[in-house]
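As structure tokens, the structure follows; a few thoughts come after it.
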Amino acid sequence: MADLNKLFPGFESFMDGDIEINNEVTVPESGDTTAESVADEVESEEIATEGAEIEGEAKETETAAEATNMMFDQLLMMYRHVKRFGIDRTFLSLYNDKGQLNNMIGYRFPSCESIDSVGSPRSQMSAAFIAAMEDDQGGVFKRIWNWIVTQCKRVYNLVLRIIDWFKSKFINTGKRIEKLRATLHNVTFKSSDDLDDTYTVTDVSAVLAVMKSPAAKDMQRGIKECLKDGKTSVKILKELSVRLKPDQLKDTSGLSQDVSESAVTEIERGTDKLKSMVDALKKELSNAEGKSVGIKTLYKKLSSPSAVLRELDAIESTYKELAQVQTDIDQVGKDAKTLVDFTGKALASYNSKNWFMKANDTVALNTGDRSTLTGFHNSMSSEFERAKALCMKWTKQSTVLLTAVRIAENVQGSAINALASYVSRVSK
């Protein structure tokens with residue numbers, strides 16, 4: 001069994017643990033419908049904390065997954081080289097200069113000076129390395145498969161938390177909209193002469209402009225597209241899981257359209273596009289929130305409760321549009337649960353088969369089985385790489401999706417805050 005900590009210190013720490021699920025989020029009740037209460041109640045502390053924690057954990061999960069992904073990339077590159085060319089002088093000088101390979105697989109490699117510059121995959125030391133990499137208990141492919149299963153569980157747990165936070169957040173936002181609406185139906189504004197000409201407030205128009213901007217609308221569309229891509233990711237991962245189940249013994253040399261490089265690349269492109277939208281909208285919102293305007297100047301645009309109600313209607317409209325993705329997010333959770341169950345069963349199948357050993361056991365297999373397994377074995381490395389890479393993309397999708405939903409909701413929340421604060425200053 002290969003001890004990968006010897007080659008990559010800390011490797012095992014990246015592989016362990018799942019995100020703990022904590023779905024206890026509360027929404028405070030309040031009978032106070034004054035503009036001041038809406039302005040002060042930016043969002044419940046529990047919901048704000050929960051959202052920040054989920055986003056932080058999502059980024060930590062992505063960072064850890066990225067680190068593990070890079071280690072696997074290195075191991076697969078080493079494996080493919082030795083499988084094709086064998087271990088040579090350059091290989092040992094790169095990876096065993098301090099005895100890392102010796103310690104990793106428990107085989108004492110000779111010094112660089114004592115071996116040829118050209119290796120052979122059939123040499124004793126090459127065979128020892130390949131056997132360690134293909135080991136059913138601790139080889140690189142078993143580790144990748146374990147990692148995929150663990151990542152699926154982590155993303156699923158993250159999606160559960162996103163679903164719960166999303167619902168609680170929107171309940172909270174909906175209540176704040178209704179409170180402000182009730183206030184506006186029962187309030188009278190001061191006249192312009194009664195306002196302090198030197199008093200400044202957040203430029204409500206600037207914040208509302210961000211909410212109505214093409215960037216905000218594009219991002220809402222981007223969220224929906226990302227949710228669709230997430231469903232596609234699950235579908236492809238499921239197909240790859242079937243191909244990687246040893247009891248299937250499939251020849252995976254021919255890829256279907258759904259598992260093509262173009263499909264995976266398109267998913268990655270969509271995720272990157274949504275991230276760019278998120279970054280752009282964050283900047284726009286930050287700039288708008290930093291703008292202030294004289295209260296009398298703003299009063300010229302919003303001089304009556306009915307004028308503010310029209311803007312509140314616009315906020316509610318975008319709120320309802322974003323709330324529609326709740327069904328899609330719920331479906332992501334169901335798809336993720338299916339994938340968790342599916343990969344778990346595939347792992348159980350993997351654990352029950354010594355399929356690498358069978359590949360070299362000419363007695364145990366008849367000619368047809370041996371031919372099929374050889375086809376599986378030859379293309380297996382690239383299929384594991386593809387599944388690993390797609391799992392990494394799915395992890396990134398989940399993180400970007402959460403960030404996008406949070407910033408979209410923050411835009412609405414900021415607009416509500418700015419309106420409520422303004423109303424509290426101009427009300428009699």
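The values are calculated or read from the model by the stated rules, or taken from the named source; none is laboratory data. All values derive from a computational prediction rather than experimental measurement. Please note: Cβ atoms are built from the backbone with ideal geometry, for glycine as well, and neighbour counts cover all protein chains shown.
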Just one of Ala39, Ala2, Ala64 is modelled with pLDDT of 80 or more, surrounded by 16 or more Cβ atoms within 10 Å (Cβ to Cβ) and in contact with a helix residue (DSSP H, G or I) (Cβ under 9 Å, 6 or more places away or on another chain); which is it? Ala64
In the range 75-84, how many residues are out of contact with any Ser or Thr (no Cβ under 8 Å at 6 or more places or on another chain) and in contact (Cβ under 8 Å) with a residue 12 or more places away in the chain? 3
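If you check Leu402 against the conditions, is it at pLDDT below 80 and in contact with a helix residue (DSSP H, G or I) (Cβ under 7 Å, 6 or more places away or on another chain)? Quick ask: steps written out before the conclusion?
Working: at pLDDT below 80: no; in contact with a helix residue (DSSP H, G or I) (Cβ under 7 Å, 6 or more places away or on another chain): yes.
The answer is no for Leu402.
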What's the number of the condition Asp164 fails, among (1) in contact with a Phe, Trp or Tyr (Cβ under 9 Å, 6 or more places away or on another chain); (2) surrounded by 18 or more Cβ atoms within 10 Å (Cβ to Cβ)? (1)
For the subset of the range 269-314 comprising residues that are within 20 Å of Lys224 (Cα to Cα) and either outside any helix (DSSP H, G or I) or of a type in the set (Val, Ile, Thr) (or both), which member is modelled with the highest pLDDT? Val278
Could you please find all residues in the range 290-313 being surrounded by fewer than 19 Cβ atoms within 10 Å (Cβ to Cβ), hydrophobic (A, V, I, L, M, F, W, C), farther than 18 Å from Thr200 by Cβ and in contact (Cβ under 8 Å) with a residue 12 or more places away in the chain? Leu309
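Would you say Val204 is in contact with a strand residue (DSSP E or B) (Cβ under 9 Å, 6 or more places away or on another chain) and within 16 Å of Val411 (Cβ to Cβ)? Break it down stepwise before answering.
Values: in contact with a strand residue (DSSP E or B) (Cβ under 9 Å, 6 or more places away or on another chain): yes; within 16 Å of Val411 (Cβ to Cβ): yes.
Yes.
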Could you list, ordered by first residue, the pairs with Cβ atoms under 6 Å in which the first is in the range 39-62 and polar (S, T, N, Q) and outside any helix (DSSP H, G or I) and the second is crowded, with 19+ Cβ neighbours inside 10 Å and at pLDDT 55 or above, at least 6 apart or interchain? Ser44/Asn172
Within the range 135-252, helices (runs of 4 or more DSSP H) holding 3 or more residues that are modelled with pLDDT under 80 and over 18 Å from Gly333 (Cβ atoms): 140-184, 214-244
Residue count for the range 188-211, restricted to those that are surrounded by fewer than 17 Cβ atoms within 10 Å (Cβ to Cβ) and over 20 Å from Gly294 (Cβ atoms): 1
Among (1) out of contact with any helix residue (DSSP H, G or I) (no Cβ under 9 Å at 6 or more places or on another chain); (2) at pLDDT below 60; (3) among the β-branched types (Val, Ile, Thr), the one test that Thr33 misses: (1)
Subset of the range 84-94 [farther than 13 Å from Ala132 by Cβ and not acidic (Asp, Glu)]: Arg84, Phe85, Gly86, Arg89, Thr90, Phe91, Leu92, Ser93, Leu94
Looking at the range 108-131, I want the residues that are in contact (Cβ under 8 Å) with a residue 40 or more places away in the chain and of a type in the set (Ser, Thr, Tyr) and have a partner that is part of a loop (DSSP other than H, G, I, E, B) and crowded, with 16+ Cβ neighbours inside 10 Å with Cβ atoms under 9 Å, at least 6 apart or on another chain. Which pairs are those? Ser126/Gly86; Ser126/Ile87; Ser126/Gly119
I'm trying to understand the selection: among the residues of the range 87-99, which are buried (at least 16 other Cβ atoms within 10 Å of the Cβ) and in a helix (DSSP H, G or I)? Arg89, Phe91, Leu92, Tyr95
Conditions: (1) of a type outside the set (Phe, Trp, Tyr); (2) touching a helix residue (DSSP H, G or I) at 6+ places or on another chain (Cβ under 7 Å); (3) surrounded by 15 or more Cβ atoms within 10 Å (Cβ to Cβ). Arg80 meets all but one. Number of the miss? (3)
Go through the range 315-341 and count every residue that is at pLDDT below 90 and either of a type in the set (Asp, Glu) or outside any helix (DSSP H, G or I) (or both). 6
Give the residue that is modelled with the highest pLDDT, with candidates limited to residues of the range 108-128 that are outside any helix (DSSP H, G or I) and more than 18 Å from Phe85 (Cβ to Cβ). Arg108
